[in-house]
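The values are calculated or read from the model by the stated rules, or taken from the named source; none is laboratory data. These figures come from a predicted structure and were not determined experimentally. Here the Cβ is made from the backbone with ideal geometry for all residues, glycine too, and neighbour counts use every protein chain on show. Each accessible area value is taken on the protein alone, full model and side chains, heavy atoms only, with ligands, DNA and RNA left out. Shrake-Rupley method; radii C 1.70, N 1.55, O 1.52, S 1.80 Å.
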Amino acid sequence: MDRRRFIATTLAAAAAGAVTTTSAGAAPLPSSGSGGRPLFLGTYTSEPGGGSGIGLATYDDTTGRITGAGTLTGVLDPSYLVAHPSGRTLYCVNERSPGGVTAVALSPDGAHRVLGTRDTGGDGPCHLSVHPSGRWLLSANYSSGSVAVHPIEDSGALGARTGLVRHTEPQPGPGQQGPHAHQVVTSPDGRHVLAVDLGTDTVYTYRLDTEAGTLRPVTRVTLRAGAGPRHLAFHPSGRFAYVANELDNTVVVCAYDPTTGRVTPGEPQSTGTPSGLTNYPAQPLVTRDGCFAYVANRGHNSLARYAVEQSGARLRLLGTTPAGGDFPRHLAFSPSQRLLFASNQRSGSVSVFRVDAGTGELTLTGEPFAAPMAVCALPL
């Protein structure tokens, strides 16, 4: 399948190699006196045209200007990044076979230090998140269709894996050879962990045992056959989630019940792309005030913008904005939400947009920043 071609060679090349556990040096970030805020960039290191580690940069939260600051080397295929709530540690997947997750201690002077890598118990991990308690790291193994749990030590380093669940039911959807866990997140109420699986067209709900670090199945919902759910984003109310379906090019509003953990999908909606155009929706994003939502369109190379209505129960498509690059895979807000970052995988660039808080409109701030095979941007 061409959709995952970009990790296919990564996995094949890595099959005979071990995931690194050694420390690595980094080019220092500009000091805080420069006015820039830190920005970390994910990439593939074993793909032609990819990077050599985690990209380091800073950005101006007013102008959106990005300034490069080197690379944290020695980290393999760091395709997705997330920060610990404390802001002292960065975590990344190592999207390889076998897969891993790596912890990086962040330093204000830019002398970041790799703390080590742990095995995820599967292949091709493509997403991870930190539990709100700050004590557990959750990761999704795409190629194996499984979800792993690792404890987070006081230092920020990762302990040995404590949990692993594989999606064995239902049967894979049309054209799929097996389960493909694409995202794992904790619900806003903190009661449940949700895993989105593209291969089985299913969203799984688990409960995390916060003492043992294991996942217990609670419930699941299967979307229509061939939808290919990729990622979801919760409305701030915690009562609704918006699922981007990669394979049938739709977005679905789902009701979420915090008591039972059950997700109830509504009708598929348009991503704003022309009929007949091949398009793979990727990352959904919701503003902190719950007024607007966005979806990255890979193929149409645009960002769809929606008004959020009825307290989160309804999305109304407002239009699309050109992504400023080819194959926008990942979207992220700056902490202020004045800026939105779009990582364009095929063009190797990061576009920065100014967000109008009143209308949700996006305005490109300038020329996209060049970054080799940009698949994730994490502004702090």
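Please compute the contact order of the chain in relative form: average sequence separation of alpha-carbon pairs under 8 Å and at least six residues apart, divided by the residue count, as a percent.
On the way: 1177 pairs, mean separation 42.6, N = 380.
Reported as a whole number, the value is 11 percent.
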Share of alpha-carbon pairs per 10 Å distance bin for region 78-229, given as whole %: 13, 43, 33, 10, 2, 0
Shape of region 338-380, Cα gyration tensor, a/c cut at 1.5: prolate
Contour minus Cα-Cα distance for Asp154 and Thr260 (0.36 nm per residue): 35.0 nm
Normalised per residue, the volume of the convex hull around the Cα set of region 38-82 (Å³): 73 Å³
Carbon + sulfur, % of accessible area of the chain - ligands and nucleic acids excluded, 1.4 Å: 50 percent
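Determine, for each peptide in 59-71, 116-128, the mean count of other beta carbons within 10 angstrom over its residues, then list the peptides with the highest first.
Values: 59-71: 17.5, 116-128: 23.7.
Averaged packing, sorted descending, gives the order 116-128, 59-71.
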Accessible solvent surface per residue of region 295-347, calculated while the other protein chains remain in place, 1.4 angstrom probe, Å²: 32 Å²
Nearest-0.05 FRET efficiency for Thr214 and Asp356, computed from C-beta distance (R0 56 Å): 0.80
Packing-based order for 339-347, 169-177, using average beta carbon neighbours within 10 Å, highest first: 339-347, 169-177
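Kindly report the accessible area of region 174-245 per residue (heavy atoms of protein chains, probe 1.4 Å, no ligands, DNA or RNA), in Å². Don't jump to the answer; show the numbers that get you there.
On the way: 2490 Å² over 72 residues.
For region 174-245, the per-residue accessible area is 35 Å².
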Full-extension gain in nm, Ser86 to Leu317, via 0.36 nm per residue minus C-alpha separation: 79.6 nm
